[in-house]
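Before any comments, here is the structure.
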Amino acid sequence: MKRLRPLVAQAANWEPPVPRKHFYAMLLLTAMTLSAVAVLPAPGDILERPLRLELPIATTGTATNEDNTDFNDIPDHELVESAAPEDDIPADATPQWQDYRVRNGENLTTIFNNLGLSTTTLYKVLDADAKNNLARLKPGQTIELLIDQDNILQQLKIRLNIKQTLVLERTDDTYSANMLNEEVEWQQKSYDGVINGSFYVSARNAGIPANHIQKIANLFQWRLNFAKDLKKGDKFKVLVRQETVEGKSTGNTQLLGVEVFSQGKAVSAWLSEDGNYYDGQANSLERGFRRYPTHSRYRVSSSFNPNRRHPITGQVRPHEGTDFALPVGTPIMATGDGVVLKATSHPLAGTYVVIKHGRTLMTRYLHLSKLLVKPGQKVKMGDKIALSGNTGRSTGAHLHYEVRINNRPVDPMKIKLPMAEPLSGKDKRQFLAKVKSYRKEMEAG
């Protein structure tokens with residue numbers, strides 16, 4: 001006690017470093033803080049039991065615990081502004097059409113996902129599209145969709161081409177497909193041209209589509225060699241008709257007629273009602289073929305066989321023609337109109353002839369004893385071209401006869417031969433009247 005007395009006396013005379021009123025305020029604040037810490041839960045209790053703080057909601061009067069409300073318990077309609085819009089115009093619930101432009105790599109599944117349409121709807125639409133038109137979507141195509149306020153597809157339209165539009169419409173819970181066909185018109189157009197270089201280049205310069213140039217070449221393959229017969233300054237006229245919708249071409253065109261004027265002569269081809277082409281006298285532009293290269297029928301000693309075993313070598317080698325057993329010196333005839341490409345001899349083929357018939361067809365005659373034609377000579381069906389023999393690699397007197405299309409061997413006994421019947425009677429009169437009208441349109445164009 002004696003030791004504490006000096007300290008108590010000293011404390012009684014102690015003055016704080018700040019004014020006493022501020023010092024007492026600090027002591028009061030410290031005491032309040034310590035009291036608060038004393039009532040807080042321990043850290044472990046906080047982790048085990050989340051702390052729930054209930055804050056009073058301010059009202060116009062005094063706040064009470066009875067007015068406290070959890071935010072998640074407030075009904076949605078109380079969180080939305082209930083005031084009417086300024087223009088006071090009710091929202092339009094009518095389904096609206098929208099356009100969707102197909103992008104690269106997109107299919108109908110991708111598009112429906114982008115639009116938020118259900119997979120169930122997708123399957124129903126695909127079921128209705130029996131011809132799978134929607135499986136062939138192309139970038140740049142536009143799909144028109146009518147989607148209601150519940151995001152249900154009511155109608156879908158897509159233009160497949162200039163003539164057709166596919167429409168799928170919802171009825172009850174299914175979709176039905178209909179094809180709308182635009183009204184088409186046929187317009188005729190004529191072309192004039194002059195040969196200056198190749199026929200192809202001259203025709204392209206005249207504006208004739210490439211597919212019609214090829215058609216013309218095929219039509220005249222029996223009558224005209226475009227590379228040799230046509231000269232600079234020769235003329236040609238072509239008449240086509242094209243399908244249009246609202247004045248726009250659909251790309252569907254048809255060759256109606258063509259005339260080529262060369263060295264004072266004219267060759268022509270005209271479309272008949274039967275779908276075939278004939279010349280100005282109603283003769284078919286096709287050239288008929290004989291099945292056999294001889295006047296009489298002779299025994300077939302070896303048939304066309306791509307897997308035949310060679311009678312001399314024993315090796316399996318294709319037999320690309322038909323062998324006829326016939327005496328040496330039998331007249332051999334051209335089986336169709338054409339030009340002699342070769343008339344010569346070979347150690348294996350013996351003496352032989354090759355004739356080209358138009359652009360795609362060729363015949364070959366092997367093991368001959370005598371040639372009756374020369375290379376470059378034009379022949380008609382039935383003309384004698386050689387005498388049969390036993391030359392080259394041969395086991396006996398016979399004729400080996402081949403038919404090739406685009407240089408591919410075919411069976412001469414089974415190939416479908418072109419017909420060459422002209423028009424006659426009423427068909428001929430109607431055809432010649434049509435040709436007369438076509439020529440007038442060519443002149444007028």
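Estimate the FRET efficiency between Asp127 and Thr244 by the formula 1/(1 + (r/R0)^6), using the beta-carbon distance for r and 45 Å for R0, to the nearest 0.05.
0.80
Run the quick spin-label model on Leu341 and Gln188: label points 7 Å from Cα toward the beta carbon, then report their separation in nm to one decimal.
Here the modelled spin labels are 4.0 nm apart.
Of Lys215/Lys265; Lys235/Lys414; Lys384/Lys414; Lys248/Lys356; Lys237/Lys414, which sit over 31 Å apart, Cα to Cα? Working shown, then result.
Working: Lys215/Lys265 21 Å; Lys235/Lys414 40 Å; Lys384/Lys414 23 Å; Lys248/Lys356 43 Å; Lys237/Lys414 38 Å.
From Lys215/Lys265; Lys235/Lys414; Lys384/Lys414; Lys248/Lys356; Lys237/Lys414, over 31 Å: Lys235/Lys414; Lys248/Lys356; Lys237/Lys414.
For a quick check: sort Trp222, Trp270 by the number of other beta carbons within 10 angstrom, fewest at the front.
Going from sparsest to densest Cβ surroundings: Trp222, Trp270.
Which lysines, on any chain, are close to Lys426 with Cα under 17 Å apart, when same-chain ones fewer than 8 places away are left out?
The reachable lysines, counting only those whose Cα sits under 17 Å from Lys426, are Lys434, Lys436.
For the pair Thr142/Leu417, report the inter-label distance in nm, with labels modelled 7 Å from Cα in the Cβ direction.
Each label point lies 7 Å from its Cα, and together they span 5.8 nm.
Select from region 98-182 those chymotrypsin sites (Phe, Trp or Tyr not before Pro) which occupy a DSSP coil region and have at most 13 other Cβ atoms within 10 Å, ordered by residue number.
Numbers: sites: Tyr100, Phe112, Tyr123, Tyr175; in loops: none.
For chymotrypsin sites (Phe, Trp or Tyr not before Pro) across region 98-182 that sit outside H, G, I, E and B with at most 13 neighbouring Cβ atoms in 10 Å, the list is empty.
For Asn178 and Asn211 in one chain, what is 0.36 nm times their gap in residues minus the Cα-Cα distance, to one decimal in nm? Write down the numbers at each step before the final one.
Working: separation 33, 0.36 × 33 = 11.88 nm, distance 3.26 nm.
Gain in length upon complete extension: 8.6 nm.
Taking the simple approach of a point 7 Å from Cα along Cα-to-Cβ for both Ser198 and Asp229, what is their distance in nm?
1.9
At a Förster radius of 30 Å, what calculated FRET efficiency corresponds to the Cβ-Cβ distance of Leu348 and Gln377, to the nearest 0.05?
Efficiency at R0 = 30 Å is approximately 0.80.
For a quick check: sort Val410, Val240, Val403 by the number of other beta carbons within 10 angstrom, fewest at the front.
In increasing order of surrounding Cβ atoms, one gets Val410, Val240, Val403.
Give me the net charge for the shell around Gly321: Cβ to Cβ below 11 angstrom, other residues only, Lys and Arg +1, Asp and Glu -1.
Once positives and negatives cancel, what remains is -1.
Scan region 333-385 for trypsin sites (Lys or Arg not before Pro) in coil per DSSP, keeping those whose Cβ has at most 15 other Cβ atoms within 10 Å, and list them by number.
Numbers: sites: Lys342, Lys356, Arg359, Arg364, Lys370, Lys378, Lys380, Lys384; in loops: Arg359, Lys380.
Listed in order of number, the matching sites are Arg359, Lys380.
Quote the FRET efficiency, to the nearest 0.05, computed for Asn283 versus Lys370 with a Förster distance R0 of 35 Å and r equal to the Cβ-Cβ distance.
Calculated value: 0.55.
Sort Ser394, Ser303 by Cβ crowding within 10 Å, fewest neighbours at the top.
Numbers: Ser394 18, Ser303 14.
Lowest to highest Cβ neighbour count: Ser303, Ser394.
Each value in this text was obtained by applying a stated rule to the coordinates, not by laboratory testing. Bear in mind that the values here come from a model prediction, so they are computed numbers and not experimental data. Every residue, glycine as well, gets a Cβ built from its backbone with ideal geometry; the counts of neighbours run over all protein chains shown.
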